[in-house]
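Quick notes on the structure that follows.
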Amino acid sequence: MHKHWTVTIFREGRNFDLWHVSHFIAGILFAGLVYFFDINLFFGFLVSFILMVGWEVFEIKLGIHETKFNMIFDVVFSVISFWLTIYLENIMSADDFKNFFFVSLVIYIIMGIWGFWAFKRRIKGKKQ
């Protein structure tokens, strides 16, 4: 049975996959939280980095099979977006930054729901 692109697009890739976008947006959200809660930048980054790496460990524990390259780039993309967001926060108006954060949050939620749905559809297809 051929799967529709809305299901296969979230398939874990050997090196790159759509989940990297989700990790990139997670870095934006971590930086936004540092900004909104006025957390010390380096402490906020350290906690964010621990969560980024911790998520990859969690995925391993769940039995999600990714290449080491893929796992490393999940973290790298999150780190890049964290620091890019800190830079943007310094050059954007407060209202523009709030809008940027909100849009990123909405996209992250949509991608999470879509990715979970695609995962469940893929698993259901393997059982049949």
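Read-outs: derived from the displayed coordinates by stated rules, not from any lab. Bear in mind that the values here come from a model prediction, so they are computed numbers and not experimental data.
Overview of values
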read-out: Global form of the stretch 63-126, assessed from the alpha-carbon gyration tensor, a/c cut-off 1.5; value: oblate
read-out: Part-to-part distance (alpha-carbon centres) for the stretch 94-116 and the stretch 63-88, which is given in Å; value: 17
